[in-house]
Amino acid sequence: AQKVTQAQTEISVVEKEDVTLDCVYETRDTTYYLFWYKQPPSGELVFLIRRNSFDEQNEISGRYSWNFQKSTSSFNFTITASQVVDSAVYFCALSGVNYGGATNKLIFGTGTLLAVQP
Amino acid sequence: GAGVSQSPRYKVAKRGQDVALRCDPISGHVSLFWYQQALGQGPEFLTYFQNEAQLDKSGLPSDRFFAERPEGSVSTLKIQRTQQEDSAVYLCASSLEAAGGRYEQYFGPGTRLTVT
């Protein structure tokens with residue numbers, strides 16, 4: 001069975017602090033995708049990153065960075081110099097790699113609410 | 001270009017009423033997904049379409065839930081005889097291609113359903 005665990009329910013930081021959101025996943029698949037989505041108060045899920053299970057290179061995009069470690073089944077997300085606009089719920093998600101019409105549904109964690117105080 | 005749109009954004013239904021939720025995916029997107037998001041939880045998969053074919057409905061919680069995508073574009077999620085436990089945000093997502101999960105899913109703003 002596939003499962004995503006985000007143990008941090010809520011995190012509160014002060015602006016300009018760095019913050020790391022944890023994500024641990026379980027899957028029996030050898031090939032899979034991992035995702036992070038942001039859900040601001042407006043409710044719409046915004047895609048942030050997709051990572052293929054064969055690619056363990058860390059990725060940096062502006063103030064965002066992701067650390068993928070297959071050995072610990074973790075895909076953590078770090079925001080550097082956080083800003084008030086980063087306040088949102090962040091979801092980690094897992095998808096299989098299926099062909100021939102099978103479902104590539106996303107399995108989501110329960111999310112981490114990040115509150116950045118000015 | 002236009003993203004995924006959903007209507008209505010908010011729906012209040014009395015227990016026992018039928019509701020229909022609409023999703024307009026991004027033009028040209030083959031895959032369409034419906035998810036249900038309860039308060040304080042992550043979205044949970046309901047059903048999947050590849051063009052007009054419903055290939056997976058394993059997440060539909062009961063036979064009161066029905067989805068269709070007759071022409072391979074717009075989709076409707078229908079809930080019959082609504083119950084209070086159906087109260088949730090219903091999210092629609094579309095993806096460019098079916099094969100392999102290589103493409104991210106783009107989500108609509110959701111429909112918040114409240115059953116009183």
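The values are calculated or read from the model by the stated rules, or taken from the named source; none is laboratory data. It should be emphasised that the depicted structure is a prediction, and the values quoted were computed from it without experimental measurement. Neighbour counts are summed over all protein chains in view; Cβ atoms, including those assigned to glycine, are modelled from backbone coordinates with ideal geometry. For the accessible areas, the whole protein counts, side chains as well, though only heavy atoms, and no ligand, DNA or RNA atoms are used. Shrake-Rupley method; radii C 1.70, N 1.55, O 1.52, S 1.80 Å.
Among the residues of the stretch A:57-96, what is the count of those that are more than 12 Å from the chain's Cα centre (by Cα), open to solvent by 30 Å² or more (accessible area, probe 1.4 Å), more than 11 Å from A:Val19 (Cβ to Cβ) and of a type in the set (A, V, I, L, M)?
3
Where the second residue is part of a loop (DSSP other than H, G, I, E, B) and the first is hydroxyl-bearing (Ser, Thr, Tyr) and lies in the stretch A:52-73, which pairs have Cβ atoms under 6 Å and are six or more apart or on separate chains?
A:Ser53/A:Thr31
Filter the stretch A:101-118 for residues that are at the interface with chain B (Cβ under 8 Å from one of its Cβ atoms) and over 17 Å from B:Glu104 (Cβ atoms); which is most open to solvent (accessible area, probe 1.4 Å)? Please lay out each step first, then the result.
Initially, the stretch A:101-118 is screened for residues at the interface with chain B (Cβ under 8 Å from one of its Cβ atoms), giving A:101-111.
Those still in the list that are over 17 Å from B:Glu104 (Cβ atoms) too: A:101-102, A:110-111.
Details: A:Gly101: 19, A:Ala102: 42, A:Thr110: 71, A:Gly111: 6 Å².
Looking at the filtered set, the residue picked out is A:Thr110.
Among residues belonging to the stretch A:21-37 that are under 12 Å from the mean Cα position of the chain (by Cα) and surrounded by fewer than 18 Cβ atoms within 10 Å (Cβ to Cβ), point out the one that is nearest to A:Phe77 (Cα to Cα).
Within the stretch A:21-37, the first condition is being under 12 Å from the mean Cα position of the chain (by Cα), and the residues that meet it are A:21-25, A:33-37.
Next, from what is left, pick out any that are surrounded by fewer than 18 Cβ atoms within 10 Å (Cβ to Cβ): A:22, A:24.
Details: A:Asp22: 7, A:Val24: 11 Å.
Checking each candidate, the answer is A:Asp22.
Identify, please: which residue in the stretch B:45-95 is among the charged types (D, E, K, R) and open to solvent by 40 Å² or more (accessible area, probe 1.4 Å) and is, among those, farthest from the other protein chains (Cβ to nearest Cβ)?
Going residue by residue through the stretch B:45-95, those that are among the charged types (D, E, K, R) are B:52, B:56-57, B:63-64, B:68-69, B:71, B:78, B:81, B:85-86.
With open to solvent by 40 Å² or more (accessible area, probe 1.4 Å) added as a condition, the list becomes B:52, B:57, B:63, B:68, B:71, B:78, B:81, B:85.
Values: B:Glu52: 12, B:Lys57: 10, B:Asp63: 20, B:Glu68: 17, B:Glu71: 18, B:Lys78: 20, B:Arg81: 26, B:Glu85: 18 Å.
If we take residues in the stretch B:45-95 being among the charged types (D, E, K, R) and open to solvent by 40 Å² or more (accessible area, probe 1.4 Å), then B:Arg81 is farthest from the other protein chains (Cβ to nearest Cβ).
Which count do you get for residues in the stretch B:20-29 that are open to solvent by 50 Å² or more (accessible area, probe 1.4 Å) and touching a Ser or Thr at 6+ places or on another chain (Cβ under 8 Å)?
3
Could you check the stretch A:1-29 and list, in sequence order, the residues that are assigned to a loop (DSSP other than H, G, I, E, B), of a type in the set (S, T, N, Q) and in contact with a Phe, Trp or Tyr (Cβ under 9 Å, 6 or more places away or on another chain)?
Across the stretch A:1-29, the qualifying residues are A:Gln2, A:Gln6.
Considering only residues that are part of a loop (DSSP other than H, G, I, E, B) and either within 23 Å of A:Ser12 (Cβ to Cβ) or at pLDDT 95 or above (or both), which ones fall in the stretch A:74-118?
Scanning the stretch A:74-118 gives A:Thr80, A:Ala81, A:Ser82, A:Gln83, A:Ser87, A:Gly109, A:Thr110, A:Gly111, A:Pro118.
Could you please give the count of residues in the stretch B:30-39 that are open to solvent by 20 Å² or more (accessible area, probe 1.4 Å), of a type outside the set (Val, Ile, Thr) and farther than 13 Å from A:Gly43 by Cβ?
Residues in the stretch B:30-39 being open to solvent by 20 Å² or more (accessible area, probe 1.4 Å), of a type outside the set (Val, Ile, Thr) and farther than 13 Å from A:Gly43 by Cβ: 2 in total.
In the stretch A:25-49, how many residues are among the β-branched types (Val, Ile, Thr) and in contact (Cβ under 8 Å) with a residue 40 or more places away in the chain?
2
Looking at B:Gln17, B:Gln6 in this structure, which one is within 14 Å of the chain's Cα centre (by Cα) and either crowded, with 18+ Cβ neighbours inside 10 Å or part of a loop (DSSP other than H, G, I, E, B) (or both)?
None of the others qualify; the one that does is B:Gln6.
Do we find a residue being small (Gly, Ala, Ser), at pLDDT below 95 and not in a loop (DSSP other than H, G, I, E, B) anywhere in the stretch A:30-47?
For the stretch A:30-47, residues small (Gly, Ala, Ser), at pLDDT below 95 and not in a loop (DSSP other than H, G, I, E, B): absent.
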